[in-house]
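Please read the structure below before turning to the comments.
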Amino acid sequence: MSRLGNLGARLYRGEVGYDFVAKRMLWYGVSILITITAIVGLGVRGLNMGIEFKGGAVYTTPSTTVSASQAEKVAEEAAGHDAIVQELGTGGLRIQVSGLDTEAANSLKDEIAAGVDVPVKDITAELVGPSWGEQIANKAWTGLGVFMVLVVVYLAIAFEWRMAVAALIALIHDLTITVGVYALVGFEVTPGTVIGLLTILGYSLYDTVVVFDGLKESTKDITKQTRYTYSEIANRSLNGTLVRSINTTVVALLPVAGLLFIGGGFLGAGMLNDISLSLFVGLAAGAYSSIFIATPLVADLKERDPQMKALRKRVLAKRAATASSQEDGDPDGEPLGGVPQGATAGVVGPRGRRGRSTENRR
């Protein structure tokens with residue numbers, strides 16, 4: 001067995017572990033700081049909405065010797081709006097200019113043809129209206145709302161309402177961070193971005209439900225024992241699925257990182273950035289929230305339950321009694337002198353069975 005597999009087995013058996021739940025205030029603080037940064041970035045810089053949401057024109061040229069930077073300068077000077085230029089594999093250019101109507105788009109086509117030194121008839125122009133993007137955004141918001149409601153209802157039925165609330169908070173946490181990163185980085189928001197955002201919801205929820213399922217199984221008849229509190233069992237369940245969560249996240253992030261850093265960054269295929277950035281940030285945020293937010297939050301909510309409060313008192317009282325008896329010299333946790341008066345103390349044999357006293361043997 002590999003070292004990672006051996007560690008996973010030891011984590012599952014509870015032989016080793018990290019107390020995530022006990023340090024939950026630290027994780028809450030980190031998440032609040034990241035979320036505030038994302039909200040500030042969204043409020044100050046805003047989102048760089050793509051042409052599908054603002055409207056405009058897209059021009060595709062045949063192979064040309066003009067560079068993308070030169071074509072961008074020509075398009076911006078002629079249109080008076082920001083332009084995005086991408087080099088195509090055919091050697092041509094894709095020039096995207098937002099905020100244009102039909103008349104302005106036609107006149108800009110002539111100026112672009114002169115600027116990139118290609119015939120006007122060889123340039124294809126496509127006018128995009130903002131209503132199409134608005135329809136996509138409205139449908140995405142509707143789908144997101146329905147998804148959230150169904151998630152809360154399902155988790156409340158399959159598990160309990162506290163887990164449903166924790167999962168919902170984790171999902172909102174992931175979405176906020178992902179959208180905030182888009183605002184801070186300045187990447188263009190396109191329909192591909194919307195698809196990426198909706199995709200990460202399922203992944204984030206899956207990772208969280210895996211932990212919740214283990215926690216549900218571990219806390220059956222929890223009030224009938226006095227060894228662990230709810231928070232401690234929650235932490236054991238979290239550690240038991242930790243290696244699985246890490247492996248799943250790494251395997252999911254590797255191909256997305258290839259799209260983002262190699263395809264979009266090194267090879268210059270900027271259109272891949274639309275969906276790959278949302279997937280990369282969302283997957284990472286989802287893994288973080290399932291470990292550091294969702295389960296500790298469930299433990300926080302559950303510990304407010306009267307039964308869990310009573311269980312915690314019994315567990316702590318038993319530990320205090322055990323520690324006190326051990327200080328008095330009884331390694332088994334039984335108080336010395338605990339044998340009733342008049343009874344004969346037995347001799348503990350090598351296997352822990354009590355034998356008869358030497359006085360009774362005669």
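The values are calculated or read from the model by the stated rules, or taken from the named source; none is laboratory data. For clarity, every value in this text was computed on a predicted model and none was experimentally measured. Because the Cβ atoms are built from the backbone with ideal geometry, glycine has one as well, and the counts that use them run over all protein chains shown. SASA here: full protein model, heavy atoms, side chains in, ligands and nucleic acids out. Shrake-Rupley method; radii C 1.70, N 1.55, O 1.52, S 1.80 Å.
V243: modelled with pLDDT under 85 and closer than 28 Å to T219 by Cα, yes or no? Yes; evaluated as a whole, the condition is true for this residue.
Would you say T322 is under 30 Å from N235 (Cα atoms), modelled with pLDDT of 80 or more, surrounded by 13 or more Cβ atoms within 10 Å (Cβ to Cβ) and not assigned by the TED database to the domain that holds D174? Don't jump to the end; show me each part of the working.
Working: under 30 Å from N235 (Cα atoms): yes; modelled with pLDDT of 80 or more: yes; surrounded by 13 or more Cβ atoms within 10 Å (Cβ to Cβ): yes; not assigned by the TED database to the domain that holds D174: yes.
When the stated conditions are applied, T322 passes them.
Annotation: Y59 fulfils all but one of (1) in contact with a strand residue (DSSP E or B) (Cβ under 9 Å, 6 or more places away or on another chain); (2) modelled with pLDDT under 85; the unmet one is (2). Scanning region 180-227 for residues that are part of a loop (DSSP other than H, G, I, E, B) and at pLDDT 85 or above returns T219, K220, D221, Q225, T226, R227. Here G202 passes the criteria (1) within 16 Å of L272 (Cβ to Cβ); (2) open to solvent by 30 Å² or more (accessible area, probe 1.4 Å) except the one numbered (1).
Starting from region 86-110, take each residue that is open to solvent by 60 Å² or more (accessible area, probe 1.4 Å) and list its partners that are assigned to a helix (DSSP H, G or I), counting only C-beta distances under 6 angstrom and pairs at least six apart or across chains. Cβ pairs passing all conditions: E87/A68; D110/V120.
Test I177 against the criterion of being outside any helix (DSSP H, G or I) and either open to solvent by less than 50 Å² (accessible area, probe 1.4 Å) or touching a His at 6+ places or on another chain (Cβ under 7 Å) (or both), and give yes or no. So I177 does not fit the description; no.
Does L144 meet the test of being assigned to a helix (DSSP H, G or I), at pLDDT 90 or above and out of contact with any Asp or Glu (no Cβ under 6 Å at 6 or more places or on another chain)? In short, no. Scanning region 183-199 for residues that are open to solvent by less than 20 Å² (accessible area, probe 1.4 Å) and closer than 25 Å to V149 by Cβ gives V189, T193, G196. Residues that are assigned to a helix (DSSP H, G or I), of a type in the set (A, V, I, L, M) and open to solvent by 50 Å² or more (accessible area, probe 1.4 Å) within region 111-137 comprise A114, V120, listed in sequence order. The set of residues in region 58-80 that are in a strand (DSSP E or B) and open to solvent by less than 20 Å² (accessible area, probe 1.4 Å) comprises V58, Y59. The number of residues in region 17-57 that are open to solvent by 60 Å² or more (accessible area, probe 1.4 Å), in contact with a helix residue (DSSP H, G or I) (Cβ under 7 Å, 6 or more places away or on another chain) and β-branched (V, I, T) comes to 3. Kindly establish whether E126 is farther than 24 Å from I39 by Cα and either of a type in the set (K, R) or touching a residue at least 12 places away in the same chain (Cβ under 8 Å) (or both). In short, yes.
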